[in-house]
Amino acid sequence: MALIKDNALRPDAWVLVADDAELPESDPAIVSFARWRRDRARLARRNGPLGLRLGSDQPPEGVADDLAAFDLIALEFPKFTDGRAYSYARILRERYGFAGELRAVGNVLRDQLFFMRRCGFDAFEVGDDIDIGAWLEAFAEIEVIYQPAAGDTHALQALRTSLSPGPTRMRVTA
């Protein structure tokens, strides 16, 4: 799989580790929610960067108290009609203040990249055979947005407020 991050195709140093596989000593490793629950104490003491993969049926409330342990959270899109990961991304960013990498994995589609980013995703796992130029264009295809989103200051209402001269003050003299 390829990784889009910071508006470019990037190498992926992270390894998704199966629940029954040995963890690398210090390399970045992503574990499942089930493995985190099973081996939480041991994983929390691990020397290397740790990531967590949540399925679409595993809301982030289940790890809210443990978010400081993770450098990356991967949220799964099992099919394009399952949008729960959009909500999970906003919850992680806005309610819990997660500042690490938030990665979209699974059925990540080009047409959804712009909206995924607005929800808080900053990395996207995509197929190896993509046309990276076409995929990166997806981030700039929509120029005017109406509603604010995760970390957004470019919604139309915010732009209108920042560009307006403000109330006119009149000086009255007698």
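The values are calculated or read from the model by the stated rules, or taken from the named source; none is laboratory data. The structure presented is a predicted model; accordingly, all values stated were derived computationally and were not measured. Glycine gets a Cβ as well: all are built from the backbone with ideal geometry, and neighbour counts include every protein chain shown.
A count restricted to segment 67-89 and to residues that are over 19 Å from Leu43 (Cβ atoms) and surrounded by fewer than 17 Cβ atoms within 10 Å (Cβ to Cβ) stands at 7.
For segment 93-136, give me each residue that is among the small types (Gly, Ala, Ser), out of contact with any Phe, Trp or Tyr (no Cβ under 9 Å at 6 or more places or on another chain) and without any contact (Cβ under 8 Å) to a residue 60 or more places away in the chain. Result: Gly97, Ala99, Gly133, Ala134.
So, of the residues in segment 21-38 that are small (Gly, Ala, Ser) and not in a loop (DSSP other than H, G, I, E, B), which turns out to be surrounded by the most Cβ atoms within 10 Å (Cβ to Cβ)? Across segment 21-38, the extreme among qualifying residues is Ala29. For segment 84-124, which residues satisfy the criterion of being within 24 Å of Asp65 (Cα to Cα) and in a loop (DSSP other than H, G, I, E, B)? Of everything in segment 84-124, those that are within 24 Å of Asp65 (Cα to Cα) and in a loop (DSSP other than H, G, I, E, B) turn out to be Tyr96, Gly97, Phe98, Ala99, Gly100, Gly120, Phe121, Asp122. When each of Ala18, Ala64, Ala41 is tested for being at pLDDT 95 or above and either surrounded by 12 or more Cβ atoms within 10 Å (Cβ to Cβ) or assigned to a helix (DSSP H, G or I) (or both), the lone residue that passes is Ala64. The residues of segment 44-56 that are surrounded by 12 or more Cβ atoms within 10 Å (Cβ to Cβ) and in a loop (DSSP other than H, G, I, E, B), listed by number, are Arg46, Gly48, Pro49, Gly55, Ser56. With the structure loaded, tell me whether Tyr96 is among the aromatic types (Phe, Trp, Tyr) and closer than 24 Å to Asn7 by Cα or whether it fails that test. So Tyr96 fails the test.
How about segment 110-120: which of its residues are of a type in the set (A, V, I, L, M, F, W, C) and within 17 Å of Ala140 (Cβ to Cβ)?
So the first thing to find is which residues in segment 110-120 are of a type in the set (A, V, I, L, M, F, W, C), and the list is 113-116, 119.
Across segment 110-120, the qualifying residues are Leu113, Phe114, Phe115, Met116.
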